[in-house]
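Since every read-out is calculated from the coordinates, none of them should be taken as a lab result. No experiment lies behind these values; they were computed from the predicted model shown. Ideal geometry is used to build each Cβ from the backbone, glycine not excepted, and the neighbour counts take in all protein chains shown.
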Amino acid sequence: MLRRRRRPPGPGTGGSGPQGPPGISTTGRRAGLFCVLLTVLLGVQATRVQFFQAKRYDHNPANQRPAILRYDQPRGPILVGSDPVTGSVPTGGRFDYKRSYPDGPLYAAVTGYSSQIYGNTQLEGTEDALLSGTDSRLAGWALWDALSRHQDPGGQVHTTINKAAQQAAMQGLGNQKGAVAAIEPATGRILALASTPSYDPGSFAGSANADQEAWTKLQADPDQPMLNRALRQTYPPGSTFKVVTAAAALTAGVVTDVNAPTGAPWPYVMPGTTTTLVNDTTACDRPNLDLDTAMTLSCNSVMGYLGVQTGLDKMVATAQKFGFNDARLDTPVRAARSNFDTGMNQSQLALSSIGQFDTAATPLVMAMVAAGVADNGTVMYPQLVDKLTRSDGSTVQLMQPRSYSQAMSPVVAGQVQQLMTDVVDNGTGRNARIDGATVGGKTGTAQHGVDNSGVPYAWFISWAKPSGSTQVPPVAVAVVIADSDATDVTGGGLAAPIARSVMQAVLGGGS
Amino acid sequence: MATPAALANAGREGPAPRPRTGRNTELLLLVGAVAVAVFGYVEVGVNIDGHAPADAARYGAALGGLALAAHVLVRWRARYADPLLLPTGVLLNGIGLVVIYRLDRATPRSHAAPTQLLWSTLGVALFALVVVLLRDHRWLRRYAYSGALVALVLLVAPIFFPAVYGSRIWITVGSFSIQPGEFAKILLVVFFAAYLATHRDALALTGKQLWKLRLPPGRVLGPILLVWAAFVGVLVLETDLGTSLLYFGIFVVLLYVATARTGWIAIGLLLAAVGVVAVGWLSPHVHGRVDQWLHPLASIGAGQGANQIAQSLFAFAWGGLLGEGLGRGHSILIGFAAKSDFILATVGEELGLVGLLAVFLLYSVLVARGYRTGIALRDPFGRLLAIGLATIIGLQVFVVAGGVLDLIPLTGATLPFVAQGGSSVVTNWIIVALLVRLSDTARRPAPPALEG
């Protein structure tokens, strides 16, 4: 800078006399000072922009840099077993890489999508930091990386999905509208997560016009292909909910022997009303049926009566142990909240106990119901991710199975298991029978719509284990068919065969 | 930059038994300047391709050769010249070439760095020509009036050529285009310096007293106001607001330096305010610029995406303190003029606040040494000329940098030495050559007292 202070202004060379105006030496220094002031102004403004306001500009939605940075390296893969089900391909555009899905529709309900325009959802969203390489756990030297702006390669997400079960679920659903959730009861690992109609997340992964068109088309589709029905949609569970009611009644001691008469009246007029709770089959139209028969035949009157006898509090408590009313069920992808009302009168409770009224469940939660029964009463937290690793395969985080709740005692669980195997062996769930395996299940055909005018939801929940095995069954599954061209829409007819093929896929040791 | 040591060296002045020329200091600084530029060139290659550019050695040799040639000439014909001027020019020119090369890598279809190197060579050639041929700066004084006329012609000429990006400041013949206004700057400063040196006493001491301000006499003020009005008028017609602002600033600064009359500043500011309001009112082009300055992010809210100022601010902000590193930024998002008017944004993004302040500091060195020369000289013409030339650089940096940093409204002007643009580089080399010549005179030890 100017070193003007070394020489004091004054009678310099060429200045005017002492009485005259200051000479050029003085005015020149002052003008120089003005130039210094301008430079200081520039420095101050640069500091404001580059330091104090930098964050604000960096996060401005019109700033493309965060996106450029995010896509300038391949995104880490999501794996099923040891095979990646996602890829990353160079685009040749401003965003260097975009997500690809070699088998997009098959795994769309597992992966979600990662789009340069429309963001990241589901597993792509919850594990985004790891996949895109920004997760601090990926860094070897966090401070040095921050200083040098080093970017770690994207990590890997290993899912719990069983490829054979997933394929069986998608094949079974075919072109019907529905969903499948399958869980390993002892661990809570999610084996299959399927939703149809599905979509190809790769069709709008980039930022080209074609991507926008594909997205617009999917958004406008009345069949909602991008809705994850296995996790994000609830349906009235209908008679499959009777498993919960049975567990609650047994736990409360309302029923102690599944083969003893329950004292249920017929016809059953719901308390406080003049309405009778009707059955779908005349075989149920007898008073004082035992619980085993009531479950096998799916008798509404008996189960409604038992729900009321058990009482609201205990019904709510049991339902919540299976995952109902949990608004934060994170697999880590968050499941929609399944509902069992906590304030109801007795007639509403009777209806709710057979999975009607306001009761609604995601396929995931109904799979947790089957899994809890299979795992001797212990409900495990459902998890979609096995482990997170760095790009070199070293572990970032290993998921441990954790208990969600003890929904019932092992004794009660044994009784409910018996009820469910009887449903498959002798009752409405015959379509789920597997040679060489013990299968327990429950059908459901839920009415909905104004005056029950909609095509009913066909449900089936079940678990299976090799015959004679004393281990916890390796698979529990829930299937819902929301819309089908079939003439006879029942859980046993439509949903049970799908559950059967998914269970077979797991039992068959398919990887 | 080894400036602190150099400053310490250069500060040791005064009567000494063997006068220091500073030429060895200059050589050392030149080596450093070329090394910094070559290092930057290599860094661009490493960051983009993973290896140094194949022609890094050739690039270094070209820049080094130019610097060495200039240095030898200075040693020969201006051995007492200020040793900081040439190295600072070489370093700024080198940084400019590196940044333009870096931006070329983002625009595969348009390569500006080779052309810029060619213009830089021409610039150094003209530097040499001035240093060798101009034995005494007072020679310029004789041609001040004809120079002003030439400058006016140069300024008017582009009006007859098509407007480019809203401004008529280019003369375009085929793919070749020059900005004559750049050269006119020097001629205008020469004229101002000559005129004010002649009439400064009349301007300073006569005139009516109005309250506390002493107004200048119309007789002396008339011609200079006329010339100034002609220049600014032409520039407003060409809608080149940056250059009009620059000329106006130089005019006011030189008037003040010559006459020490604060009245000039008051009148100057008043005229500037009137001018800016009038132009802002009349010209939609300028009006839009003012709007963008006040609300740089407004176009985003309106759904039209980020405008150039917003993109420029994004680039600076992304650079943060230390910068992304050469070749790793995305200032190309600014779009058109990224290599010229907005080149500073690339410096900010890739070299960070630290790099940006270093560049500002380099300009400050040039300006400070120019002022120092002006203060040290003895003849009023030389003093005003040196100060005027330094002011050109100082004000131009402020106008450009202030514009892209959203400190003042954006006006199209080029960053001295760094921005793409042949006319600009050549002009700046001539300015440095004149300063070298002037400082040689200023620092030359007085001959044995014979003249009187």
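Miscellaneous remarks
- Structure-based [θ]222 nm, chain A - -39500 (n - 2.57) summed over DSSP H runs of at least 4, per residue, nearest 500: -10000 deg cm²/dmol
- Integer Hz, Karplus 6.51/-1.76/1.60 couplings in order for segment A:492-504, x for Gly and Pro: x, x, 9, 8, 4, x, 5, 4, 4, 5, 5, 5, 4
- A straight Cα-to-Cα reach below 22 Å connects A:Lys98 with the lysines A:Lys217, residues fewer than 8 places away in its own chain not being considered.
- Highest to lowest packing among A:281-288, A:297-304, A:248-255, scored as the average C-beta count within 10 Å: A:297-304, A:248-255, A:281-288
- Of the residues B:Leu28, B:Leu149, B:Leu326, the one with the fewest other Cβ atoms within 10 Å heads the list, and the complete ranking is B:Leu149, B:Leu28, B:Leu326.
- Per residue, the convex hull spanned by the Cα atoms of chain B amounts to 160 cubic angstrom.
- Residue-averaged beta-carbon neighbours from other chains (10 angstrom radius) around A:58-66: 6
- Rg and Dmax [Cα atoms of segment A:259-302; Å; Rg one decimal, Dmax integer]: 9.9, 30
- Isotropically averaged projected area of segment B:353-452, using the convex hull of Cα atoms (one quarter of hull area), nm²: 7.7
- Segment A:238-507 - convex hull of alpha carbons, volume per residue in Å³: 139
- Positive contributions from Lys and Arg (+1) and negative ones from Asp and Glu (-1), summed over other residues with Cβ under 12 Å from the Cβ of A:Tyr57, come out at +1.
- Near A:Thr362, the amide H atoms lying under 5 Å from its own belong to A:Tyr235, A:Ser338; only residues 5 or more places off or on other chains count, and H is placed 1.01 Å from N.
- A:Trp266, B:Trp139 arranged by Cβ crowding within 10 Å, fewest neighbours leading: B:Trp139, A:Trp266
- Mean residue ellipticity (222 nm) of chain B, computed from DSSP H runs ≥ 4 via -39,500 (n - 2.57), nearest 500: -23500 deg cm²/dmol
- Between B:Val153 and B:Leu269, the contour length at 0.36 nm per residue exceeds the Cα-Cα span by 39.0 nm.
- Lysines whose Cα lies under 17 Å from that of A:Lys314, excluding same-chain neighbours fewer than 8 positions away: A:Lys242
- Contact order for chain B, expressed relative to its length and based on alpha carbon pairs under 8 Å spaced 6+ residues apart, stands at 22 percent.
- Relative contact order computed over chain A (Cα-Cα under 8 Å; 6+ residues apart), in percent: 15
- J(HN,Hα) series, segment A:276-286, from Karplus relation 6.51 cos²θ - 1.76 cosθ + 1.60, nearest Hz, glycine and proline x: 8, 8, 8, 9, 7, 10, 5, 4, 7, 7, 9
- Förster radius 56 Å - calculated FRET efficiency between B:Arg444 and A:Ser136 (Cβ-Cβ, nearest 0.05): 0.35
- Put simply, the amide H of A:Gly87, placed in the peptide plane, has neighbours under 5 Å in A:Ser100, A:Tyr101, leaving out anything fewer than 5 places away on its chain.
- Potential extension, A:Ser394-A:Gln418 segment - 0.36 nm per residue separation minus Cα distance: 4.2 nm
- The residues A:Lys163, A:Lys242, B:Lys185, when put in order of fewest to most other Cβ atoms within 10 Å, stand as A:Lys163, B:Lys185, A:Lys242.
- Aspartates and glutamates whose Cα lies under 17 Å from that of A:Lys465, excluding same-chain neighbours fewer than 8 positions away: A:Glu184, A:Asp375, A:Asp422, A:Asp425, A:Asp435
- Relative contact order of segment A:238-507: 18 percent, from C-alpha pairs under 8 Å at least 6 residues apart in sequence.
- Calculated log₁₀ intensity ratio I(q)/I(0) where the Debye formula runs over C-alpha points of chain A, q = 0.07, 0.09, 0.11 Å⁻¹: -0.47, -0.67, -0.91
- Computed over segment A:82-157, Kirkwood Rh from alpha-carbon pairs, angstrom: 13.6
- In the protein assembly as shown, Rg over Rh equals 1.22, where Rg is the alpha-carbon radius of gyration and Rh the Kirkwood radius from pairwise Cα distances.
- Any cysteine of chain A lacking a neighbouring Cys Cβ under 4.7 Å - listed by number: A:Cys35
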